[in-house]
Structures are given as C-alpha cells and as structure tokens.
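The values are calculated or read from the model by the stated rules, or taken from the named source; none is laboratory data. Bear in mind the structure is a predicted one, so any value in this text is a computation, not a measurement. All Cβ positions, even for glycine, are placed from backbone atoms using ideal geometry, and neighbour counts span all protein chains on display. Note: areas computed on protein heavy atoms with side chains; ligands, DNA, RNA excluded. Shrake-Rupley method; radii C 1.70, N 1.55, O 1.52, S 1.80 Å.
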Amino acid sequence: MPQIVINTRPVERAAPLTQHLQVAGLIVVDMPMLTLRPRQTTDLDIALMHQWMAGSTKHLLSSVQLRQLQG
C-alpha cells in the first residue's frame, strides 16, 4: 500500500518538502493550511524563547498564541 503524506505547509514553503518526500517514494498531497504573516517580536516573545531554550518549557508559543490560550 502506498504511503501518503499531507503537506500542510504554506504554498511558498511547501515545494522543497514535497519534492524530498516524493524522491523518497511517498505520495504527497499539498494541502496548505497555514498562512505566515510577519509581525513585530515582543519582549514577551523573547522571554518565552529564552525559557524554551533553557528547557523550562516543552512547547514554544508566540505571545499571540499565549494570549489566545489565556482567553
């Protein structure tokens, strides 16, 4: 049975992964689910990154994602 991978990367970043997976013999379905938009890095983002790099957290979230989780 063929192995199928769904590549959800944004269109502008999907091609290299799709090509690599196809060379490896996998069937790839490109289904972009993300849109990347630039934004300013905040002091909270930097603090969260330092925590992540120090190993004090297992997941790296941006300050925007953190605010969304906090409601």
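The table that follows gives values for the structure above.
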read-out	value
Enumeration of residues in the range 20-45 that are assigned to a helix (DSSP H, G or I) and over 18 Å from the mean Cα position of the chain (by Cα)	GLN22, VAL23, ASP43, LEU44
Tally, over the range 15-33, of residues that are among the small types (Gly, Ala, Ser) and surrounded by 11 or more Cβ atoms within 10 Å (Cβ to Cβ)	1
Where ARG67 falls short, out of the listed (1) at pLDDT 85 or above; (2) of a type outside the set (Ser, Thr, Tyr); (3) assigned to a helix (DSSP H, G or I)	(1)
Among (1) loosely packed, with under 10 Cβ neighbours inside 10 Å; (2) of a type outside the set (Ser, Thr, Tyr); (3) assigned to a loop (DSSP other than H, G, I, E, B) - the single one GLU12 does not satisfy	(3)
The lone exception for LEU36 - which of (1) open to solvent by 60 Å² or more (accessible area, probe 1.4 Å); (2) at pLDDT 90 or above it fails	(2)
